[in-house]
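Only one structure is covered here, and it is reproduced in the block below.
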Amino acid sequence: MPNQDPTSVSSHDPQSEGREGQTGDGQLMNINVTICERPYRLKVKPSEEEYVRLAAKMINDKVKDLQTQYSAKDKQDYLAMATLMFQVEKLTERGDYVIKDPAMQERLTTLESRLDQLLTA
């Protein structure tokens, strides 16, 4: 494996960067990610590695965006604001779930009606 900075999150090859101590399927592995220029060593499932790296990249990108828009004294302020924005986005998406397939919507409506009948019987 080429000598790479194990603490950086990179979009060019997320499969090989910062990976250490990988074990068998379902086991935890050590990875390193950087958030706001601070390295973090984490134990994750191999199936979650890509998501953890993507989340770190998204946080770093959001913090950079906030830094260009606002002036704050501390990176902690940017991290707090990024966290708040991500959570609001997640909660908003949860309430906005719409079924676009008419056939699926009809099947769910029928199922809901049957369940209502069973519960009120």
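The values are calculated or read from the model by the stated rules, or taken from the named source; none is laboratory data. Please read all numbers here as calculations on a predicted model, not as lab measurements. Neighbour counts run over all protein chains shown; Cβ positions are idealised from the backbone, glycine included.
Take the residues in segment 47-72 that are aliphatic (A, V, I, L, M) and part of a helix (DSSP H, G or I); name whichever of them is nearest to the chain's Cα centre (by Cα).
In this case the residue turns out to be A55.
Just to verify a result, which residue in segment 73-121, among those that are at pLDDT below 85 and in a loop (DSSP other than H, G, I, E, B), is nearest to K62 (Cα to Cα)?
Checked segment 73-121; the qualifying residue nearest to K62 (Cα to Cα) is K73.
So, in segment 25-44, exactly how many residues are outside any strand (DSSP E or B), at negative phi and surrounded by 14 or more Cβ atoms within 10 Å (Cβ to Cβ)?
Initial filter on segment 25-44 (outside any strand (DSSP E or B)): 25-28, 36-37.
Going one step further and asking which of them are at negative phi, we end up with 25, 27-28.
Among the residues that remain, those that are also surrounded by 14 or more Cβ atoms within 10 Å (Cβ to Cβ) are: 28.
Total satisfying the criteria: 1.
Identify, from the list L42, L66, L54, the residue that is at pLDDT 90 or above and in contact with a Pro (Cβ under 8 Å, 6 or more places away or on another chain).
Numbers: L42 fails: in contact with a Pro (Cβ under 8 Å, 6 or more places away or on another chain); L66 fails: in contact with a Pro (Cβ under 8 Å, 6 or more places away or on another chain).
Unique residue meeting the criteria: L54.
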